[in-house]
There are 2 protein chains.
Amino acid sequence: MKKQIYVLQDILGTNKKVAAEIRAACEERGILLLNLMSSPGAGKTTLLENLADSLKDSHRLAVIEGDIETERDAERIRAKGVPAWQITTGGACHLEAKMIARVLPEVSPDIDFLFIENVGNLVCPASYDLGERLRIVLLSSPEGDDKPKKYPLAFTSAHVLLLTKSDLLPHLPFDVERAKAEALELNPKLRIFVLSALTGEGLNEFVEFLLAARRELRAAHA
Amino acid sequence: MKKQIYVLQDILGTNKKVAAEIRAACEERGILLLNLMSSPGAGKTTLLENLADSLKDSHRLAVIEGDIETERDAERIRAKGVPAWQITTGGACHLEAKMIARVLPEVSPDIDFLFIENVGNLVCPASYDLGERLRIVLLSSPEGDDKPKKYPLAFTSAHVLLLTKSDLLPHLPFDVERAKAEALELNPKLRIFVLSALTGEGLNEFVEFLLAARRELRAAHA
């Protein structure tokens with residue numbers, strides 16, 4: 001057990017250093033780096049497709065996709081006209097900063113928003129800083145309103161919580177106020193948006209939030 | 001990297017030995033041990049509540065619950081009159097055989113069905129044999145029909161696939177035939193059931209399957 005713990009500390013220590021380098025490189029160039037995490041099927045790729053539609057005419061976007069297998073998600077993003085890099089982890093349950101560092105030199109330095117879509121997993125990705133300025137966790141209504149306290153690190157470490165698939169709420173026992181209250185109890189600073197990819201609910205507000213975050217980053221590094 | 005791999009091999013090797021001991025102990029006693037795995041919120045606990053309603057009057061059930069935090073799932077099972085043990089992993093993303101071995105002496109030896117509900121995670125639990133005779137993976141319709149090939153180990157290593165929340169299919173782009181075909185391409189021996197906890201669809205067939213599996217186990221160890 002001790003050996004496992006030492007190795008993990010080693011990995012997380014190295015990861016932190018690489019993440020700090022990524023953060024510095026992106027912020028210096030005015031790139032807003034975002035790390036999206038959630039369970040499988042909570043709507044990360046669909047959200048990125050919607051953000052592509054909303055932002056790609058006015059801003060430069062790029063996406064790094066993390067999956068255990070397949071290029072499916074990167075293909076969906078490329079179909080929207082947005083450059084995407086697929087990292088397949090071949091079994092590993094999360095992305096690490098060194099995987100991002102390997103892709104970063106290929107990403108154009110004049111990008112406005114660089115999204116990382118993490119492996120679908122509400123547990124392991126939360127332990128790995130990827131150098132992001134904003135960590136965004138998605139919780140879809142079919143997963144249940146009891147999830148924040150059952151998977152706390154994803155919620156305590158995030159800046160933003162997106163409650164997705166709100167169009168399914170009429171068919172589900174999900175209590176939005178309970179989910180919000182539980183998440184805020186874990187992390188009072190969490191910004192929460194209720195979204196539906198189907199009806200478009202909440203998308204404009206979230207886009208405005210992203211634009212403001214980018215302006216803040218540019219002002220801080222002006 | 002090498003050090004990580006050696007430590008992991010070490011862990012998996014030890015896990016396999018403990019799992020073999022659990023398997024032998026359960027099968028000798030005629031206990032059908034089942035390991036349920038899925039993403040968070042795919043319906044594992046709800047399925048166990050339904051199985052409790054269907055089986056508890058005629059058979060002896062027990063449940064071991066795995067969660068990162070909270071006793072919530074064990075409380076739901078106990079409310080059904082079924083004994084339940086909660087393992088909280090305190091951050092770890094999966095159950096290991098040694099955790100089950102620690103609980104097993106407390107479980108009555110005259111149980112018919114012992115269900116293990118793994119941590120909600122479609123990735124990591126698939127690497128850990130817990131000594132189960134049947135491994136059951138749940139995929140809920142809101143997660144999307146493209147998940148088997150994106151998270152292959154859970155599907156290649158399972159005996160049974162449950163496509164849950166079928167009542168939501170009218171509201172979703174999920175193609176049941178696509179999900180089945182993709183899962184069977186990965187694992188042609190997979191038994192597949194389409195279930196809804198709301199409408200009861202598929203539950204009787206699945207209960208019949210469990211009863212037959214228990215008869216087979218008893219016959220093999222008669």
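The values are calculated or read from the model by the stated rules, or taken from the named source; none is laboratory data. Computed from a predicted model, the values in this text were never measured in an experiment. Cβ placement follows ideal geometry from the backbone for every residue including glycine, while neighbour counts extend to all protein chains displayed. The protein model used for the area step is the full one, side chains on, heavy atoms only, and it has no ligands, DNA or RNA in it. Shrake-Rupley method; radii C 1.70, N 1.55, O 1.52, S 1.80 Å.
One residue is enough: does region A:117-135 have a residue meeting the conditions more than 17 Å from the chain's Cα centre (by Cα) and surrounded by fewer than 19 Cβ atoms within 10 Å (Cβ to Cβ)? No, there is no match, as no residue in region A:117-135 is more than 17 Å from the chain's Cα centre (by Cα) and surrounded by fewer than 19 Cβ atoms within 10 Å (Cβ to Cβ). The single residue among B:T164, B:T156, B:T70 that is surrounded by fewer than 19 Cβ atoms within 10 Å (Cβ to Cβ), within 29 Å of A:S141 (Cβ to Cβ) and polar (S, T, N, Q) turns out to be B:T70.
Within the set A:A62, A:A19, the sole residue that is in a helix (DSSP H, G or I), under 17 Å from the mean Cα position of the chain (by Cα) and more than 12 Å from chain B (Cβ to nearest Cβ) turns out to be A:A19.
Among the residues of region A:126-134, is there at least one that is free of Cβ contacts under 8 Å to residues at least 40 places away in the same chain and either in contact with an Asp or Glu (Cβ under 8 Å, 6 or more places away or on another chain) or at the interface with chain B (Cβ under 10 Å from one of its Cβ atoms) (or both)? No - not one qualifying residue is present in region A:126-134. Can A:E75 be described as within 14 Å of chain B (Cβ to nearest Cβ) and part of a strand (DSSP E or B)? So A:E75 fails the test. Restricting attention to region A:22-57 and to residues that are of a type in the set (D, E) and part of a helix (DSSP H, G or I), the residue that is most open to solvent (accessible area, probe 1.4 Å) turns out to be A:E28. Pairs meeting the criteria (first residue in region B:81-107 and of a type in the set (D, E, K, R), second residue assigned to a helix (DSSP H, G or I), beta carbons under 7 Å, at least 6 apart or on different chains) are B:E96/B:N15; B:K98/B:V18.
Among the candidates B:L184, B:L190, B:L139, which residue alone is crowded, with 24+ Cβ neighbours inside 10 Å and either at pLDDT 95 or above or more than 10 Å from every other protein chain (Cβ to nearest Cβ) (or both)?
On the way: B:L184 fails: crowded, with 24+ Cβ neighbours inside 10 Å; B:L190 fails: crowded, with 24+ Cβ neighbours inside 10 Å.
B:L139 is the lone residue from the list that is crowded, with 24+ Cβ neighbours inside 10 Å and either at pLDDT 95 or above or more than 10 Å from every other protein chain (Cβ to nearest Cβ) (or both).
As a summary of the residue check, A:E65 satisfies the conditions (1) closer than 20 Å to A:C124 by Cα; (2) touching a Gly at 6+ places or on another chain (Cβ under 9 Å); (3) in contact (Cβ under 8 Å) with a residue 24 or more places away in the chain except for the one numbered (2).
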